[in-house]
Every structure is written in C-alpha cells, then in structure tokens.
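Since every read-out is calculated from the coordinates, none of them should be taken as a lab result. Quick caveat: nothing in here was measured; it's all calculated off a predicted structure. Cβ: placed from backbone, ideal geometry, glycine included. Neighbour counts: every protein chain shown.
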Amino acid sequence: MHDAHDHDSPECCATCATCGSPAEPSDRHVRFTWPDPVLSLSEQERTENVWLSHDTATSSVMMEAPGPGSFVRVLLPLRLDDGTSVTYGTWLAVRSDEMRRAFTVWLEPAYVDLRLEGHLANDIAPGGVLGAEASALVRDEDHTPYLHASTHPLLNRMITQTSPAALHA
C-alpha cells in the first residue's frame, strides 16, 4: 500500500501539497505509507503499538513496531527511459540503535553526515527487491536520506541505471 501523488495533475500548483517540494511534472513522487513488514500487523496493532515520528504514517520519517522492527524513510529516485523520473519515498529497515542515532541527529548539523545501512522494506516494481541490503546517505539537508548503493543486483541497477517507464506508470 502506498499513497501516490502526481505532480502532473491539474490540482497541483507551484508546490506539491503532499511533500512541499517544487512541483515538476516530469518527476512523480510515490510515498509508501507503511513498510511492508508492518502491514502484517492488524490495523489495531498499527494504531496502538507503532511509534511514529509524526502524526501519521504517511508524514512520518521514522517508525518502530514491536516485531517488525525499526524503519527510516529514504528516497529512491529512478530515472526512467521516457526522460521522466519517479521518486519513491520508501522505508529502510534498520537496527533500533541506527534509528535512534538518526532520530538524535535529524534536526542537528550532524544530519548531513548521516549514513544508514539496512534492508529495503517495500517492494518496488519490477519486484524482487523487498529485503534487499541497501545503504542511504544525506545528499541534501532538507531531504530525507537517499538510497545510494546496494549489494542486491536488481536494486543496484535501479539506483544506478535507467528504468523502464512502463513499470512505474
């Protein structure tokens, strides 16, 4: 489950109402609400037992759930073969001490040096990348960290090469 918002929609203005970024019709943003492992919890368990960094899962950049674990939101921008791009706001499963470290520096100058290691917690088209080992770093102090490398061959290609636009329509 994810919430997609399209910067090319007629309702979209100079900035995206969902993420606040400048709206660019050639760059769609798709934001996953929950990490896939958290979806295995009942709605009641998600409501009562999951710690969120913000008021809702959609607006949160960190969450912790008994059982599934700790997660930090990361960005995965994909260049598409039609000249456009799609940026996924996805989740990275991290150790609880890594999430606490991220929480500690998130609004501090040290945020720019944040690097995270973990496993992708959402499956993204064409599929087969859920659980892939990945690392993320901060490219812009005003953005959540970006996935920048993976030992998983398919996820690494998604990060470094152009992807078919038809898979991300």
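List of remarks:
- Once both labels are positioned 7 Å from their Cα atoms along Cα-to-Cβ, the gap between E117 and L130 label points is 2.5 nm.
- Residues whose placed amide H lies under 5 Å from that of A125, excluding near-sequence neighbours: none
- Here the 3J(HN,Hα) profile of region 68-75, calculated from phi with Karplus coefficients 6.51, -1.76 and 1.60 at θ = phi - 60°, is x, x, 10, 9, 10, 6, 9, 9 Hz, Gly and Pro shown as x.
- Per residue Cα convex hull volume in Å³ - calculated over region 32-168: 107
- Rounded to the nearest 20 debye, the dipole size of the chain about its Cα centre is 380 debye, using +1 on the Cβ of Lys and Arg and -1 on the Cβ of Asp and Glu.
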